[in-house]
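Structure first, then comments.
No value in this document is a laboratory result; all are computed from the given coordinates. Just so it is clear, the structure is predicted and the values come from calculations on it, not from any experiment. Reconstructed Cβ throughout: ideal geometry from the backbone, glycine too, with neighbour counts over all protein chains shown.
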Amino acid sequence: KEKVGGLAYEVILKPATATEVPVKPISPPKEKAISEADILNKLKKAEERRQSLEQQRLEQLAKDRAKAQEIVAKAQEESKLFSEETEKKLRKAMEANKENRETQINALQERLREHERRIEEVRRNKQNNIQQEVAPEGQA
């Protein structure tokens, strides 16, 4: 189409569709009348499926419980081991502190004994000096 001032185009976005309504598929032929035995058989199979599903759920629950108990037991074991290790470390530290304290006390006692010996030696020397000073005066 030509217009004043330019050209115009028609754009076809989708091909034309048939105006006919598509033929609906024919519904499957209806089955013959269902007998009472068929109904009972279907009910029995449905009950078996329900029981099977229930059994599977119970088995899964049992597995989950066993796994949870296993996890709890493992956690308790780890806690027990941690407590034992901590107790051992604490005992070792307490023994080391006790040994250090005993060593310090022994060192202090040894210094005090040495100090006592020096004091005693100074007293003896002083008494000897006093006696020597007194003795020469007495002889003079």
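Projected label points at residue 62 and residue 96, each 7 Å from Cα along the beta carbon direction, are separated by 5.3 nanometres. Length available on full extension from residue 84 to residue 54: 0.36 nm per residue minus the Cα-Cα distance, which gives 6.3 nm.
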